[in-house]
Amino acid sequence: MAGCGAIPQSQPSGRVARQAAAPAVSLARPEARQCQAELGQTGSMFAPLPDKFYGAGCSTTNSVKLDGVGGDRRQFTVTNLGVVACPLANSFAGWARYGVDRAAQQILGSPLVRIETMGSYSCRNVAGTGRLSAHSRAEAIDVAAFVLADGRRISVKAGWNAGQDEREFLRTIHTSACKRFGTVLGPDYNQAHQDHFHLEYGKGTYCR
């Protein structure tokens, strides 16, 4: 389980060109090629990235730059998202389409157009420990808000305890996330997560 409260120690740098869905698969390990092929099939917009090692145990391997994910009828943009491990990007794409967008249409009456994040990769420890966070491997994304086609912006911080529809929407997509990610943390976990969902790739089933 990875916390989100520590101050980042370093960030990867360099510009990454955007590519359309299903870009040319890099000459990487077989698992990376397979993951990128699966991500391309989701209709996502991404660019494969080279493996990098930053020291202090921090690295980004089998990773992509994810700018948008495919939906039933449209593509959703994703903001402020840096390097993301490819398996996490696949889980995120599925959640955005089948969890978030469909819940937005059913509960709020308007489809999703944008997911606002607080980033992914950050070379840091789990808050209050000496253990590296999943963010140090680009295996976690912090999600702050959702923008709908009718212009409404539903933030985790303002909406978690707001009106009935927003509360229901955020709790529904939180539950949906728990079925796709190894660790999911939200406002009910602790004060540090009052303004975002922490979505972490892994085999666990820790959902708070």
* Structure fact -> With 0.36 nm assigned to each residue of separation and the Cα-Cα distance removed, Asp165 to Tyr54 gains 35.6 nm
* To do: Starting from the Cα gyration tensor of region 27-78, take the square roots of the eigenvalues, sort them a ≥ b ≥ c, and report rounded, prolate or oblate (rounded when a/c is under 1.5, otherwise prolate if a/b is larger than b/c, else oblate).
  => oblate
* To do: Taking the Cα centre of the chain as origin, work out the dipole magnitude from +1 charges on Lys and Arg Cβ and -1 charges on Asp and Glu Cβ, in debye rounded to 20.
  => 260
* **Under Karplus coefficients 6.51, -1.76 and 1.60, residue-wise ³J(HN,Hα) of region 180-197 in Hz, glycine/proline x** => 10, 10, x, 9, 10, 10, x, x, 6, 7, 6, 4, 5, 10, 5, 10, 6, 9
* To do: Taking H placed 1.01 Å from N in the peptide plane, check which residues at least 5 places from Ser110 or on another chain put their amide H under 5 Å from its amide H.
  => Gln105
* Asked: Of all the accessible heavy-atom surface of the chain, with the other protein chains kept in place and a 1.4 Å probe, what percent is carbon and sulfur?
  -> 48
* Structure fact -> Looking only at lysines whose Cα falls under 27 Å of Lys52's and that sit 8 or more positions away or on another chain, we get Lys65, Lys203
* Structure fact -> Quick shape check on the chain: root eigenvalues a ≥ b ≥ c of the Cα gyration tensor, a/c under 1.5 is rounded, otherwise prolate if a/b tops b/c, else oblate, and it reads oblate
* Structure fact -> Mean-square fluctuation maximum in Gaussian network of the chain, Cα pairs under 10 Å, restricted to Asp195, Asp101, Asp165, hits Asp165
* Take the Cα gyration tensor of region 111-162, multiply each eigenvalue by 5, square-root it, and list the three semi-axes largest first, rounded to whole angstrom. => 29, 13, 6
* Starting from the Cα of Lys157, draw a straight line to each of the aspartates and glutamates and keep only those under 12 Å, dropping any in the same chain fewer than 8 residues away. => Glu166, Asp188, Asp195
* Asked: Quick one: Debye curve from the C-alpha atoms of region 152-195, no solvent, what's log10 I(q)/I(0) at q = 0.24 Å⁻¹?
  -> -0.86
* If you build a Gaussian network model of the chain, linking Cα atoms that sit under 10 Å apart, which residue out of Gln105, Gln36, Gln164 swings the most? -> Gln164
* Structure fact -> Candidates Glu139, Glu168, Glu31; GNM for the chain (alpha-carbon contacts under 10 Å) flags as most fluctuating Glu31
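The values are calculated or read from the model by the stated rules, or taken from the named source; none is laboratory data. Just so it is clear, the structure is predicted and the values come from calculations on it, not from any experiment. Cβ sites come from the backbone with ideal geometry, for glycine too, and all protein chains shown count toward neighbours. In case anyone asks, the SASA skips ligands and DNA or RNA and just uses the protein heavy atoms, side chains included. Shrake-Rupley method; radii C 1.70, N 1.55, O 1.52, S 1.80 Å.
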